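The values are calculated or read from the model by the stated rules, or taken from the named source; none is laboratory data. Values in this document were obtained by computation on a predicted structure and should not be read as measured data. Note that each Cβ is placed from the backbone with ideal geometry, even for glycine, and that neighbours are counted across all protein chains shown. Accessible surface areas use protein heavy atoms only, side chains included; no ligands, DNA or RNA. Shrake-Rupley method; radii C 1.70, N 1.55, O 1.52, S 1.80 Å.
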Amino acid sequence: AALSHIFHKPIALFAILSIAIGHIAMVSVMVMTPVHMAHVEVTLKVIGLVISVHVLGMYAFSPLVGSISDRIGKIRTIQIGLLILLASAIIAGTAPGHDIPRLGVGLFLLGLGWSFTLISGSALLTSSVDPDLKTSVQGASDLVMNLAGAVGGAIAGVVISALSYGWLCVFAAIPVIALGIWSISFRSLKTPEINRV
């Protein structure tokens, strides 16, 4: 019932796809970055440092992201997150495995973009569904997000073994770009629901 409700409301569907696509982009690139670095024999200590910077980007700025979302609106905040994810894909995807500073920046932005899409997407989702379905919709959102992450992680291994880490970042960017293009259409809607978010 929750998923059916979401699929029949464009704003709710956009919100849950923001969560899912942000998560699939984050997981797919994040899990293969250590593999990319290990190919050129980067030490585990340095790999751990890059992943720690990534986790910092994921969580350290959550209160700020929430404040930005309240201030400028959830859809605009999601759009910022999508731009950050694209920047991450470009920076990390063009970095050799031994370029620790560039990979660190790319992975930090990957975590930060994920934070923007997850926080604003979750807030947009719960504000755009019927009140009596909010709890079940949140459960459905968690299910979709985690399934997206699992699929992203599995596909990432196939892509990096058949092609390269750079190509993985390209493929991760495609749904991000598609969602960004779709988000532009909400600017033309003049409904109370849109104005509220």
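Looking only at the stretch 14-48, filter to residues that are assigned to a helix (DSSP H, G or I) and free of Cβ contacts under 8 Å to residues at least 60 places away in the same chain; which one of those is surrounded by the fewest Cβ atoms within 10 Å (Cβ to Cβ)?
Applying the filter and picking the extreme gives K45.
Listed here are the residues, each with its yes/no results for (1) in contact with a Ser or Thr (Cβ under 8 Å, 6 or more places away or on another chain); (2) modelled with pLDDT under 90; (3) of a type in the set (D, E); (4) in a helix (DSSP H, G or I).
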| residue | (1), (2), (3), (4) |
| --- | --- |
| V50 | yes, no, no, yes |
| P63 | no, no, no, yes |
| I68 | yes, no, no, yes |
| R76 | no, no, no, yes |
| G81 | yes, no, no, yes |
| A87 | no, no, no, yes |
| H98 | no, yes, no, no |
| P101 | no, no, no, yes |
| G104 | no, no, no, yes |
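Would you point out the residue of the stretch 50-78, among those that are out of contact with any Phe, Trp or Tyr (no Cβ under 9 Å at 6 or more places or on another chain) and in contact (Cβ under 8 Å) with a residue 60 or more places away in the chain, that is nearest to L17 (Cα to Cα)?
Restricting to residues being out of contact with any Phe, Trp or Tyr (no Cβ under 9 Å at 6 or more places or on another chain) and in contact (Cβ under 8 Å) with a residue 60 or more places away in the chain, the top hit is K74.
Please list, ordered by first then second residue, the pairs with beta carbon atoms under 6 Å, 6 or more apart or interchain, first in the stretch 115-134 and open to solvent by less than 30 Å² (accessible area, probe 1.4 Å), second outside any helix (DSSP H, G or I).
Between residues of the stretch 115-134 that are open to solvent by less than 30 Å² (accessible area, probe 1.4 Å) and residues that are outside any helix (DSSP H, G or I), the close pairs are L124/V197.
So A123 clears everything in (1) of a type in the set (A, V, I, L, M, F, W, C); (2) within 16 Å of A173 (Cβ to Cβ); (3) not in a loop (DSSP other than H, G, I, E, B) except one condition, right? Which one?
Here A123 clears every test but (2).
Going by the conditions given, is I11 in contact with an Asp or Glu (Cβ under 7 Å, 6 or more places away or on another chain) and surrounded by fewer than 24 Cβ atoms within 10 Å (Cβ to Cβ)?
Yes.
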